[in-house]
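The values are calculated or read from the model by the stated rules, or taken from the named source; none is laboratory data. Note that this is a predicted model, so its numbers are computed, not measured. Here the Cβ positions follow ideal geometry from the backbone for every residue, glycine too, while neighbour counts run over all protein chains shown. What goes into the accessible areas is simple: the full protein's heavy atoms, side chains included, and nothing from ligands, DNA or RNA. Shrake-Rupley method; radii C 1.70, N 1.55, O 1.52, S 1.80 Å.
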Amino acid sequence: MSVSSAPDHRALSASTVARALQWCLHVLVAGLGVLVVVRALDGDALHPPLAIVLVVALEAVYVLGVLTVGRRPATSSGSTRATPADTATASRSTRAPRMWLALLTVLWIGTTVLAPDGAFLVFPLFFLVLHLLPDRWGPVAVVALALVAITALACHRGLSVGGVTGPLVGAGVAVAIGVGVRTLVREVRAREQLVDRLLAAQAQLAETERAAGVETERTRMAAELHDTVAQSLSSIQLLLSAAERRLDDTAPGRREIALAKESAGTALAETRAFIRALSSPALAAATLPDALARVVAEANPAAEAAVTFHAQGTARSLPRSVDTTILRIVQGALGNAVAHAHAQTVTVTLTYETGRAMVSVADDGVGFDPEAVRPSAESDSFGLDVMRGRVRAVGGTLSVDSRPGAGTTVTAEFRDEAMDAGQSDATGTPDARQATNAAQSDEGGAR
């Protein structure tokens, strides 16, 4: 199952939650403002005209703040070290919303003094206070506003149970909703970041698999050219050399044989150039340890884990097919560790010993049960099968040591005798080897 990169408009996002809450707050402010105006027109106010003016002013300031202060870009908190310019920008970005909140509070207090129903406007103020003030000051300010509302209602209508419990219950509900909303927004943002990381890991894994597939085909074509065309041309050149030595200088056809030998040599040189061009670019201009170090360095920026590389023993030349196989095994194991293991550290170790070479990729991730992995014919997972096939093709062995919760270690071992046997099995076709042997025996006889 792959994660689609196309946006799902039905999915919950932090911006969707914020917009929904903002519109609910807008409706609440407008509705309560209309209620206060209607009650003031009905005579329930000490000074109805002035109360209406204050309500209209409060609504106008609220709308103006939504259109200006509410659209200011939020400052980023992801930087580990704030510069003086960042500090000044953050100070300006928080000063304007708090001045807006202070002006709304003053207008609300004035409205509440003139009209008792103005105390209901404290409920949207609760949410603004919790949103705009720091965590430790928001609840304190909510309690202070609730006490102001209780005092105003007591002055207008006398102290009553409803006049006390209403603002206090509203304050408690506002604080609970504020905490819940902040938790919800944090969870939604964390989910969005996780989806972004998964999409990035998927894209990187797809690119790695594509590059590995291209490189596998290039390596296969290079091997085919080496085992067929190059071997045949080499045999033809040796046979022509042997035939040329059997003829004296005046024999008919000697010049044609020399031209044919020269043409075969030119074709062989061009074929070898093609083979070099098709060989692994990562190994073309570097030793195997250098190539592995570069692979690890490229994996580090995209991986959440710390990836390190160690080389042990004295580096020596291995067959190119073995070098390429080791490079591909490391790339595949690193891709699995980065995408699936959730590891903190991944260690790649290349070891040269007398008679053998080994490479291991160890991580401290979630691990798995190798016995529970179904064969590629029964599932969509080809990683381990591909690794084993690659290693087996050049005479090596692959082992996977893993347990759930105990990390994973993938080790590939290549012994010299097995590598020599693998190379001899892959060196040309039987006809080409027979022709080469015949030419060499003829050449020995000519000497």
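Averaged over all directions, how much area does the convex hull of the C-alpha atoms of the stretch 115-193 cover when projected, in nm²?
5.4 nm²
Give me the log10 of I(q) over I(0) for the stretch 297-343 at q = 0.17 Å⁻¹, as the Debye formula computes it from C-alpha points; what are the numbers?
One equal scatterer on each Cα of the stretch 297-343 leads to -0.61.
If I take R0 = 30 Å and measure r between the Cβ atoms of VAL56 and LEU132 in this structure, what FRET efficiency does the formula 1/(1 + (r/R0)^6) give, to the nearest 0.05?
Efficiency, from the Cβ-Cβ distance: 0.85.
Keeping every protein chain present and rolling a 1.4 Å probe, give me the accessible area per residue for the stretch 136-239 in Å².
Value for the stretch 136-239: 59 Å² per residue.
Please give the contour-minus-distance gain from GLU207 to THR351: 0.36 nm per residue of separation, less the Cα-Cα distance, rounded to one decimal in nm.
49.0 nm
Assuming R0 = 35 Å, can you tell me the calculated FRET efficiency for the pair LEU147 and ARG19, based on Cβ-Cβ distance, to the nearest 0.05?
E(calc), rounded to 0.05, equals 0.65.
With a 1.4 Å probe and all protein chains kept in place, how much accessible area does ASP290 have, in Å² rounded to the nearest 10?
Counting only protein heavy atoms, ASP290 exposes about 90 Å² to solvent.
Going highest first, how would you order 45-52, 345-352 by mean Cβ packing within 10 Å?
345-352, 45-52
Computed FRET efficiency, Cβ-Cβ of VAL214 and ALA406, R0 35 Å: what is it to the nearest 0.05?
That pair, VAL214 with ALA406, gives E of 0.50.
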